[in-house]
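This report refers to the structure that appears directly beneath it.
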Amino acid sequence: LLEALDLIHRLGTDEGREQLLATARSLNISVRAANDEGPRDLAARLCVERKRHVEIQKLLDLANMVAISRGPRRTYKEFHGAAAVEPTANSEEARVLLEREIADWCGKSGRSAHCRVRYYEGDAELTFYIVHGHRLEAPSVVNEGRHEVLKFRRLQNDFVRYEPATGRLYVTATSAQFVDFYRRLFGRALFQSEEQFAGVPACDLAAIQEGG
């Protein structure tokens, strides 16, 4: 339910509706969206239908990844590995390990231990979609004239892509603290080696800084 509310919040806008329709066209998925079906109604309907149709879950995840990547406060890094190398572990084995390890790491670092990982195998890349909880927040609010403390943990989404042809790992995370953790963890999950992607990030400012 919480994940559905998060999807409706992010994709239940005019821009989100257009992104859902564009993603559906690229995946050749029919969403039967009527012209008078509002953005929030469309997002809510698809969240219900995803339980019965795996392709709708993929549509929501990929559209959400685009919306997230366009939003603020994202950390993006690319890491080099050996080119033209397929993972030594299959995707489902990697998913199980990732879900367990991310939940454990989040719990130990003061975040929620809730974690879900889904993956999508494409012709040119392998994409992992990660849902996890944030740190506990406790803002003061006014509820019916009374001051109260509202305690909650935000749901957050990260995604990591591996491109076998180039050997690159692309990490998009909500916090910079996840970047090196994901680099090492995905090396272990896909290749049984935390140093698989130990090279200098492909997107790095070091060369510019050195050149003045």
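The values are calculated or read from the model by the stated rules, or taken from the named source; none is laboratory data. The structure displayed is predicted, hence computed values, not measured ones. Note that we place each Cβ from the backbone using ideal geometry, even for glycine, and neighbour counts take in every protein chain shown. These area figures cover heavy atoms from the full protein model, side chains too; ligands, DNA and RNA do not enter into them. Shrake-Rupley method; radii C 1.70, N 1.55, O 1.52, S 1.80 Å.
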Matching residues in segment 74-86 (under 24 Å from ASN64 (Cβ atoms) and either in contact with a Leu (Cβ under 8 Å, 6 or more places away or on another chain) or among the small types (Gly, Ala, Ser) (or both)) number 2
Scanning segment 167-183 residue by residue, those surrounded by fewer than 17 Cβ atoms within 10 Å (Cβ to Cβ) and not aliphatic (A, V, I, L, M) turn out to be SER175, GLN177, ASP180
- Message: Tell me whether segment 60-75 contains one or more residues that are within 30 Å of ALA165 (Cα to Cα), aliphatic (A, V, I, L, M) and assigned to a loop (DSSP other than H, G, I, E, B).
- Response: no
Residues of segment 1-15 being assigned to a helix (DSSP H, G or I) and either acidic (Asp, Glu) or over 16 Å from the mean Cα position of the chain (by Cα) (or both), in sequence order, are GLU3, ASP6, ASP14, GLU15
Restricted to segment 13-39 and to residues being of a type in the set (D, E, K, R) and within 13 Å of ALA63 (Cβ to Cβ), the residue most open to solvent (accessible area, probe 1.4 Å) is ARG25
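Yes/no per residue for (1) in contact with a strand residue (DSSP E or B) (Cβ under 9 Å, 6 or more places away or on another chain); (2) surrounded by fewer than 17 Cβ atoms within 10 Å (Cβ to Cβ):
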residue: ASP41; (1), (2): no, yes
residue: ARG45; (1), (2): no, yes
residue: GLY71; (1), (2): no, yes
residue: VAL85; (1), (2): no, yes
residue: ARG100; (1), (2): yes, yes
residue: ALA103; (1), (2): yes, no
Within segment 47-62, of all residues that are among the acidic types (Asp, Glu) and out of contact with any Phe, Trp or Tyr (no Cβ under 6 Å at 6 or more places or on another chain), the one most open to solvent (accessible area, probe 1.4 Å) is GLU55
| query | Just to be sure, is VAL142 open to solvent by 70 Å² or more (accessible area, probe 1.4 Å) and not polar (S, T, N, Q)? | reply | yes
Among residues of segment 73-83 being in contact with a strand residue (DSSP E or B) (Cβ under 7 Å, 6 or more places away or on another chain) and farther than 15 Å from ASP158 by Cα, the residue most open to solvent (accessible area, probe 1.4 Å) is HIS80
- Can you confirm whether segment 105-122 contains a residue that is under 17 Å from THR23 (Cα atoms), open to solvent by 40 Å² or more (accessible area, probe 1.4 Å), touching a residue at least 24 places away in the same chain (Cβ under 8 Å) and within 16 Å of the chain's Cα centre (by Cα)? yes
Expected single match for in contact with a Lys or Arg (Cβ under 6 Å, 6 or more places away or on another chain) and closer than 20 Å to ASP158 by Cβ among ALA67, ALA63 is ALA67
When segment 84-132 is checked residue by residue, the ones that are assigned to a loop (DSSP other than H, G, I, E, B) and farther than 24 Å from LEU7 by Cβ are ALA84, VAL85, GLU86, PRO87, THR88, ALA89, ASN90, SER109, GLY110, ASP123, ALA124
- Query: Hey, does segment 132-147 have a residue that's in contact with a helix residue (DSSP H, G or I) (Cβ under 6 Å, 6 or more places away or on another chain), within 23 Å of ASN64 (Cβ to Cβ) and touching a residue at least 60 places away in the same chain (Cβ under 8 Å)?
  - Reply: no
